[in-house]
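Okay, structure first, notes after.
The values are calculated or read from the model by the stated rules, or taken from the named source; none is laboratory data. Keep in mind that what you see is a predicted model, and the values were worked out from it rather than measured. Here the Cβ positions follow ideal geometry from the backbone for every residue, glycine too, while neighbour counts run over all protein chains shown. Side chains included, ligands, DNA and RNA excluded: accessible areas come from the protein's heavy atoms. Shrake-Rupley method; radii C 1.70, N 1.55, O 1.52, S 1.80 Å.
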Amino acid sequence: MNELSFKNENKFRIHSKTLEYKLYDAIEEFEAYEDLIDELENLSEEDTLILKLNSPGGRIDVGFMIIDAMQQSRGKVICQVVHDACSMAGMIALAGDGLILNKHTYVMLHDYSCLRYGKGHDLKLSSKATDKMFSGRFKEICIPFLTEREAESILKGEDFYIHDDDPSLEKRIKKHFM
């Protein structure tokens with residue numbers, strides 16, 4: 001087996017099959033990610049998928065579908081931020097088995113945004129349900145990379161950026177992925 005060392009002394013074993021998938025663009029329609037979901041479902045324990053991210057984010061329902069497939073995969077999923085991973089792409093970056101930030105890149109996290117249509121009462125109920133679902137999923141995925149206080153601040157409307165040269169990045173990665 002080959003062993004690769006990445007920034008911040010994080011080491012990941014590259015197993016029998018190493019695949020790359022590029023998620024470069026807004027996360028929009030389900031159909032665009034069927035190949036990625038299939039690959040994740042078919043990885044064995046010895047396989048690694050490197051998910052390269054350069055995305056402004058996008059739909060939370062599609063993003064959570066990708067995250068679910070990543071977390072249920074038997075293989076290793078290493079997320080590599082090759083430009084910026086914002087919003088839902090930032091959450092995807094934290095949902096893998098490891099994280100690499102290329103030089104001069106960052107991860108940005110914030111509360112969800114959405115468009116809804118319907119009757120006023122239905123919109124209120126839908127918003128409450130989405131708030132509950134999103135905040136629970138957000139905390140499960142992003143803590144302990146984020147502190148509890150940082151997560152709460154984000155869910156109250158603050159944006160959070162972490163750059164590749166942030167002094168806390170190495171500690172956050174070790175705490176979250178090791």
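Observations
- Applying a threshold of 7 Å to beta carbon distances and a minimum spacing of six or more residues, or different chains, the list of pairs starting in region 123-147 at a residue that is free of Cβ contacts under 8 Å to residues at least 40 places away in the same chain and on the phi < 0 side of the Ramachandran plot and ending at one that is part of a helix (DSSP H, G or I) and open to solvent by less than 70 Å² (accessible area, probe 1.4 Å) reads SER135/LEU155; LYS139/ALA151; ILE143/ALA151; PRO144/HIS176.
- Restricted to region 34-87, and to residues there that are of a type in the set (Val, Ile, Thr) and more than 21 Å from ILE173 (Cβ to Cβ), the residue that is least open to solvent (accessible area, probe 1.4 Å) is VAL62.
- Residue-level analysis places GLU150 among those that are part of a helix (DSSP H, G or I), open to solvent by 40 Å² or more (accessible area, probe 1.4 Å) and among the acidic types (Asp, Glu).
- Hey, MET108 under 17 Å from PHE160 (Cα atoms), touching a residue at least 12 places away in the same chain (Cβ under 8 Å), of a type outside the set (S, T, N, Q) and in contact with an Asp or Glu (Cβ under 9 Å, 6 or more places away or on another chain) or not: yes
- Looking only at residues of region 88-101 that are outside any strand (DSSP E or B) and closer than 17 Å to PHE177 by Cβ, we find that the one that is most open to solvent (accessible area, probe 1.4 Å) is ASP97.
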